[in-house]
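The next block holds one structure in the form of structure tokens; read it before the comments.
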Amino acid sequence: MDGIILINKPQGMTSHDVVNRVRRIMKTKKVGHCGTLDPMATGVLVVGINKATKALQFLMSEEKQYRATLKLGSATDTYDSEGKVLETKPFIGYDHLEETLASFVGDSLQQPPMYSAIKINGKKLYEYAREGIEVEVPKRPITIYSLKLVEAHDDEITIDVDCSKGTYIRSLCVDIGKALGYPAHMSALVRNQSGHFTIDQAITLEQLEENKGPVMPLEEVFSTYDKIV
């Protein structure tokens, strides 16, 4: 059985936890994923089974779509609601929200969070962070293709983001907060699309346990690519 399974990742599990669960359900060790989701995030996680694990590298570079909620007035060390609060500021409102959001569309250099899996000198950033070691993290080029306001209610703003591979939505939330004059963090995140795979195609781990599928064959996975015979 070779192919792709689209999992709707539940909150509280790491992407690696999902891979381990799929290994047990599908009774195979050859399972991998592309496009890591943080434990607090939910949504589309592309999981490869057996020979399809070798094809995941070709799906890594595709764009992603997210719905994120950011909370103004407090910053955390992890850039999300699970971290330690570092700074607070009373919320008294803001101006020019839509213009501020529009300013983030396009190419830019983004500062990744210290609590991330990026490797510096062979060691993951979150490992340095847990040990209290400061390292210089270079900014990375990203592209925001579109950023739309879904709703704004007092100190919480929900946005839809269409972005390139490697974009950290946590960092984006922090940067939007700064532009509005507040410390901020990400309070919720759903990945609605990864490449051309959408959340309505994804199944839960419970559904996978029941049906052992559906497994998408590689011919279907790459059907949108050009063919050379």
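Residue 21 fulfils the conditions (1) over 17 Å from residue 186 (Cβ atoms); (2) exposed (fewer than 14 other Cβ atoms within 10 Å of the Cβ) except for a single criterion, (2). Looking at the stretch 62-78 only, could you name the residues that are under 13 Å from the mean Cα position of the chain (by Cα), of a type outside the set (Asp, Glu) and closer than 21 Å to residue 117 by Cα? If the condition is that a residue be under 13 Å from the mean Cα position of the chain (by Cα), of a type outside the set (Asp, Glu) and closer than 21 Å to residue 117 by Cα, then 64, 65, 66, 68 are the ones that fit. The residues in the stretch 90-109 that are assigned to a loop (DSSP other than H, G, I, E, B), touching a residue at least 12 places away in the same chain (Cβ under 8 Å) and over 14 Å from residue 156 (Cα atoms) can be counted, and the count is 3.
Can you confirm whether residue 159 is of a type in the set (Val, Ile, Thr) and within 30 Å of residue 93 (Cα to Cα)? Step through it out loud before you land on a result.
Details: of a type in the set (Val, Ile, Thr): yes; within 30 Å of residue 93 (Cα to Cα): yes.
So residue 159 fits the description; yes.
The set of residues from the stretch 127-151 being open to solvent by 70 Å² or more (accessible area, probe 1.4 Å), at pLDDT 95 or above and closer than 22 Å to residue 181 by Cα comprises 148, 151. Just one residue in the set 28, 14, 53 is farther than 26 Å from residue 223 by Cβ and either surrounded by 20 or more Cβ atoms within 10 Å (Cβ to Cβ) or at pLDDT 90 or above (or both); that residue is 14.
This table checks each residue for (1) open to solvent by less than 10 Å² (accessible area, probe 1.4 Å); (2) in contact (Cβ under 8 Å) with a residue 60 or more places away in the chain.
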position	(1), (2)
153	no, no
160	no, yes
166	no, no
172	yes, yes
186	yes, yes
192	no, yes
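Does residue 56 satisfy being closer than 22 Å to residue 1 by Cβ and either of a type in the set (Asp, Glu) or not in a loop (DSSP other than H, G, I, E, B) (or both)? Against the criterion (closer than 22 Å to residue 1 by Cβ and either of a type in the set (Asp, Glu) or not in a loop (DSSP other than H, G, I, E, B) (or both)), residue 56 qualifies.
Give me the residue from the stretch 59-86 that is in contact with a helix residue (DSSP H, G or I) (Cβ under 6 Å, 6 or more places away or on another chain) and assigned to a strand (DSSP E or B) and, out of that set, surrounded by the most Cβ atoms within 10 Å (Cβ to Cβ).
Taking the stretch 59-86 first, the residues in contact with a helix residue (DSSP H, G or I) (Cβ under 6 Å, 6 or more places away or on another chain) are 66, 68, 70, 72, 79-80.
From what's left, assigned to a strand (DSSP E or B): 66, 68, 70, 72, 80.
Working: 66: 23, 68: 23, 70: 27, 72: 23, 80: 24.
Top of the filtered list is 70.
If a residue has to be modelled with pLDDT under 85 and either out of contact with any strand residue (DSSP E or B) (no Cβ under 9 Å at 6 or more places or on another chain) or open to solvent by 70 Å² or more (accessible area, probe 1.4 Å) (or both) to count, how many in the stretch 87-126 make the cut? So the answer is 8.
The values are calculated or read from the model by the stated rules, or taken from the named source; none is laboratory data. Only a predicted model underlies this, so the values are computations on that prediction, with no experimental measurement involved. Counting neighbours? That spans all protein chains shown, and the Cβs are built from the backbone with ideal geometry, glycine included. Areas reflect the complete protein model, heavy atoms only, side chains present, ligands, DNA and RNA absent. Shrake-Rupley method; radii C 1.70, N 1.55, O 1.52, S 1.80 Å.
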